[in-house]
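The values are calculated or read from the model by the stated rules, or taken from the named source; none is laboratory data. Nothing here was measured: the structure is a model prediction, and the numbers come from that model. All Cβ positions, glycine included, derive from the backbone under ideal geometry; neighbour counts span all protein chains shown. In case anyone asks, the SASA skips ligands and DNA or RNA and just uses the protein heavy atoms, side chains included. Shrake-Rupley method; radii C 1.70, N 1.55, O 1.52, S 1.80 Å.
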There are 2 protein chains.
Amino acid sequence: MGNLRREALELYLVTDRALSQGRPLAEIVCAAAEGGATMVQLREKACDTREFVELGRAIHAILQPLGIPLIVNDRADIALVIGAEGLHIGQHDMTYDDARRLLGPETIIGLSVENEEQARECLSFAGLDYIGASPVFATPTKTDTAEALGLEGLERLRRIVGPELPMVAIGGINRSNIQDIIRSGADGVAVVSAICSAPEPEAAARALLHEIKQAKR
Amino acid sequence: MGNLRREALELYLVTDRALSQGRPLAEIVCAAAEGGATMVQLREKACDTREFVELGRAIHAILQPLGIPLIVNDRADIALVIGAEGLHIGQHDMTYDDARRLLGPETIIGLSVENEEQARECLSFAGLDYIGASPVFATPTKTDTAEALGLEGLERLRRIVGPELPMVAIGGINRSNIQDIIRSGADGVAVVSAICSAPEPEAAARALLHEIKQAKR
């Protein structure tokens, strides 16, 4: 678990071009970084590989000088080709063991966890850098998600994985529920529409980070 | 160009589960191998990564003992994870240079070429193992393809890339046009529905291979 500073999970932007209201992704990412985003996940489910690589390189060129890790969703080949800092996998992507073997020991790998059984499995994944508890609340962003965990579910996942494994919560997160989420055992929050769809993504990121810092005081 | 025996291009099966009339892909691949298929490309555009990996491992387990190379379409990560012999890329997948850097010098890499300009580009791709001239005839299998090359187009591509670079033709190929295709400069044919949709894939493969051998006599 040496690849990821725990604080990098505090405000984790997950991109969604369809929710970015027509603004270029680079603009959203720049604004989020300016507002304090600590990590960015590039999630693209519809574009072809050529476009994914080009987009990934452009976003990486923004983030790398700022020291903000870029994590690629699902596509280990894209992560390798663009030299991203990490890969995020879900339960329908390649297995953790395959991903770790392919990417080597020094790449950040995070895994989405939707229930207690999947959380218990993580205990055997040596070197797993973080889990994404998903979804903590119902969310309009993804339609294929499992039942919402709620704050109690988040607390149960934290008890199962123990205090050491970094955990970020995702799904239906906004300013009003961040403090509860952090107090329920998450190290940070991953957000999509709370930044991508915000009229002012930089201000939105800053306000979200403020809530996180408040909860950790 | 040392990764690929030129004869491996002779009868190149490209898989398509949607065209396999409900039969498992493993059944089609076994039958095609039995009938003389010389190489297989696993092409999956809709399934998730977990399923793609599992399918790839199952098909590789069939082909590897037979010495038939397995080529993965588009997804370099899948090719690496399952230890496939090669990767096939199209013009909207990652670039040849990115693919070669990622996969190393000993993996077969093939590239789809749809026109003369793309064929000329190949002259600068050191180590490219083969090109797939696509589509030689109009095809119902893919709906996003460029204009058909025809036999004259195939001859022109051969003149551009020179005699050394292995070239396979794809698109609208069946028993009746194979001999013309081989005589127009292709080393072999890549087929989808001619095997996947055949009532008897083994017999279909055998008949196709017979035509290829006749043309090469």
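All of (1) surrounded by fewer than 23 Cβ atoms within 10 Å (Cβ to Cβ); (2) closer than 20 Å to B:Ala133 by Cα; (3) among the aliphatic types (A, V, I, L, M) hold for B:Ile71 with one exception: (1). Number of residues in the stretch A:6-54 that are open to solvent by less than 50 Å² (accessible area, probe 1.4 Å) and either over 22 Å from B:Lys45 (Cα atoms) or out of contact with any Cys (no Cβ under 6 Å at 6 or more places or on another chain) (or both): the value is 31. Scanning the stretch A:4-56 for residues that are more than 18 Å from A:Ser193 (Cβ to Cβ) and without any contact (Cβ under 8 Å) to a residue 24 or more places away in the chain returns A:Arg5, A:Cys47, A:Asp48, A:Arg50, A:Glu51, A:Glu54.
Is it true that some residue in the stretch A:60-72 is within 13 Å of chain B (Cβ to nearest Cβ) and among the polar types (S, T, N, Q)? No, every residue in the stretch A:60-72 fails to be within 13 Å of chain B (Cβ to nearest Cβ) and among the polar types (S, T, N, Q).
Conditions (1) in contact with a helix residue (DSSP H, G or I) (Cβ under 8 Å, 6 or more places away or on another chain); (2) under 21 Å from B:Asn73 (Cα atoms), marked per residue:
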{"position": "B:Ile109", "(1), (2)": "yes, yes"}
{"position": "B:Glu121", "(1), (2)": "no, yes"}
{"position": "B:Val136", "(1), (2)": "yes, yes"}
{"position": "B:Asn174", "(1), (2)": "yes, no"}
{"position": "B:Asn177", "(1), (2)": "no, no"}
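Residues that are in a helix (DSSP H, G or I) and within 14 Å of another protein chain (Cβ to nearest Cβ) within the stretch B:16-51 comprise B:Thr49, B:Arg50, B:Glu51, listed in sequence order.
With respect to the conditions (1) over 30 Å from A:Asp97 (Cβ atoms); (2) surrounded by fewer than 15 Cβ atoms within 10 Å (Cβ to Cβ), B:Thr139 lacks only one, and its number is (2).
Scanning the stretch B:81-101 for residues that are at the interface with chain A (Cβ under 8 Å from one of its Cβ atoms) and surrounded by fewer than 22 Cβ atoms within 10 Å (Cβ to Cβ) yields B:Gln91, B:His92, B:Thr95, B:Asp98, B:Arg101.
Taken over the stretch B:188-203, the criterion of being open to solvent by less than 20 Å² (accessible area, probe 1.4 Å) and in contact (Cβ under 8 Å) with a residue 24 or more places away in the chain is satisfied by B:Gly188, B:Val189, B:Ala190, B:Val191, B:Val192, B:Ile195, B:Cys196, B:Pro201. A:Gln64 meets the conditions (1) open to solvent by less than 30 Å² (accessible area, probe 1.4 Å); (2) free of Cβ contacts under 8 Å to residues at least 60 places away in the same chain; (3) among the polar types (S, T, N, Q) in every case but one. The failed one is (1). Only one of the numbered conditions (1) open to solvent by 60 Å² or more (accessible area, probe 1.4 Å); (2) part of a loop (DSSP other than H, G, I, E, B); (3) over 21 Å from B:Cys47 (Cα atoms); (4) out of contact with any helix residue (DSSP H, G or I) (no Cβ under 9 Å at 6 or more places or on another chain) is violated by A:Asn3, and that is (1).
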